[in-house]
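K.L.:
Have a look at the structure that comes next, please.
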Amino acid sequence: MKTPHVMFLIAVAMAWTAPALAQGAGQDAKAAYQYAMDTAEASYDAAKARCDTLAGVPHEICVADARAARVRIEEEATAAQKNTLAAYTQARMRIATAFHERDKTRCGALVGNDREVYLAQAKATMVALQADARADRKAIEARLDANDVKIEAEYRVALQKCDAFAGAIKDECVSTARTAYGK
C-alpha cells in the first residue's frame with residue numbers, strides 16, 4: 001500500500017519541478033508545458049488506479065483528490081507557459097474551484113447540519129482563495145504602475161540635470177539618460 005503513495009508523491013514532485021528542470025536543461029517552454037501535462041496525466045492515472053482499490057465514498061473522495069491534484073498541475077503549467085499576470089490569476093481561480101469540488105465530494109459521507117457546515121466552509125474557502133487571487137493581481141498591477149511612474153520621474157530628473165550642460169556634452173548626457181531609463 002505504501003508503494004502507490006511513494007509513486008504518487010514522486011510523480012507529483014516531478015510535475016512540480018518539471019518546468020524548472022526543462023528550463024534549466026535549455027528546452028523551450030512548449031516542451032516543458034507538454035512534459036508537465038504528460039506528468040499530470042500520468043500522476044492522475046496512477047492515483048486513479050490507487051483509488052480503484054477502494055469502494056463507495058472513499059473511492060469518490062480519492063478520485064476527487066486526484067482530479068484536484070491534476071487540475072493544479074495543469075493550471076500551473078499553463079500559467080507558466082503563458083507567463084502573464086492574467087494567466088496566473090486565472091490558474092489560481094480554477095485551482096480554487098477544483099479544490100471546492102473536491103471538498104464538496106468529501107462531504108458526501110456527512111449528513112444533516114454537519115454536511116451543511118462543511119459545504120459552507122468549503123464555499124467560504126473557495127471564495128477566500130478567489131478573492132486573494134483577485135486582490136494579489138490588483139496589488140501587483142498597482143506596484144507595476146507605481147514603478148513606471150517612479151521611473152518616469154527619475155528620467156525627468158536626469159533630463160533636468162542634463163540641462164546644465166550644453167552642446168555635445170548635453171547630447172551625451174541625454175543619450176545616457178535615455179539608455180539608462182529605457183527611453
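Results for (1) modelled with pLDDT of 90 or more; (2) of a type outside the set (Asp, Glu), shown as yes or no for each residue.
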| residue | (1), (2) |
| --- | --- |
| Ala32 | no, yes |
| Met37 | yes, yes |
| Glu41 | yes, no |
| Ile61 | yes, yes |
| Ala64 | yes, yes |
| Arg70 | yes, yes |
| Ala77 | yes, yes |
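K.L.:
Is it the case that some residue within the stretch 92-108 is in a helix (DSSP H, G or I), among the acidic types (Asp, Glu) and buried (at least 17 other Cβ atoms within 10 Å of the Cβ)?
P.N.:
yes
K.L.:
Separate question: Those residues that are exposed (fewer than 10 other Cβ atoms within 10 Å of the Cβ) and either of a type in the set (S, T, N, Q) or touching a residue at least 12 places away in the same chain (Cβ under 8 Å) (or both), I need them from the stretch 134-181; list them, please.
P.N.:
Within the stretch 134-181, Thr179 is the sole residue that qualifies.
K.L.:
Still on this structure: Got at least one residue in the stretch 33-41 being under 10 Å from the mean Cα position of the chain (by Cα) and part of a helix (DSSP H, G or I)?
P.N.:
no
K.L.:
Oh, and also: Select from the stretch 89-124 the residues that are touching a residue at least 12 places away in the same chain (Cβ under 8 Å) and of a type in the set (Val, Ile, Thr) and write down the one among them that is farthest from Thr78 (Cα to Cα).
P.N.:
Thr105
K.L.:
Taking Ala120 as the residue in question, decide whether it is at pLDDT 90 or above, assigned to a helix (DSSP H, G or I) and surrounded by fewer than 13 Cβ atoms within 10 Å (Cβ to Cβ).
P.N.:
Criteria met by Ala120.
K.L.:
If you don't mind, there's one more thing I want to ask. Give me the pairs: first residue in the stretch 49-70 and outside any helix (DSSP H, G or I), second residue surrounded by fewer than 19 Cβ atoms within 10 Å (Cβ to Cβ), beta-carbon distance under 8 Å, and six or more apart or on different chains, which are they?
P.N.:
Sorted first by the residue in the stretch 49-70, then by its partner, the pairs are Asp52/His59; Leu54/Cys62.
K.L.:
Got at least one residue in the stretch 140-163 being of a type outside the set (A, V, I, L, M), more than 23 Å from the chain's Cα centre (by Cα) and in a loop (DSSP other than H, G, I, E, B)?
P.N.:
Within the stretch 140-163, one or more residues are of a type outside the set (A, V, I, L, M), more than 23 Å from the chain's Cα centre (by Cα) and in a loop (DSSP other than H, G, I, E, B).
K.L.:
I'd like the full set of residues that are of a type in the set (D, E, K, R), under 22 Å from Ala135 (Cα atoms) and crowded, with 17+ Cβ neighbours inside 10 Å, limited to the stretch 66-91.
P.N.:
If the condition is that a residue be of a type in the set (D, E, K, R), under 22 Å from Ala135 (Cα atoms) and crowded, with 17+ Cβ neighbours inside 10 Å, then Arg72, Glu75, Glu76 are the ones that fit.
The values are calculated or read from the model by the stated rules, or taken from the named source; none is laboratory data. None of these values were measured; they are calculated from a predicted model. Cβ sites come from the backbone with ideal geometry, for glycine too, and all protein chains shown count toward neighbours.
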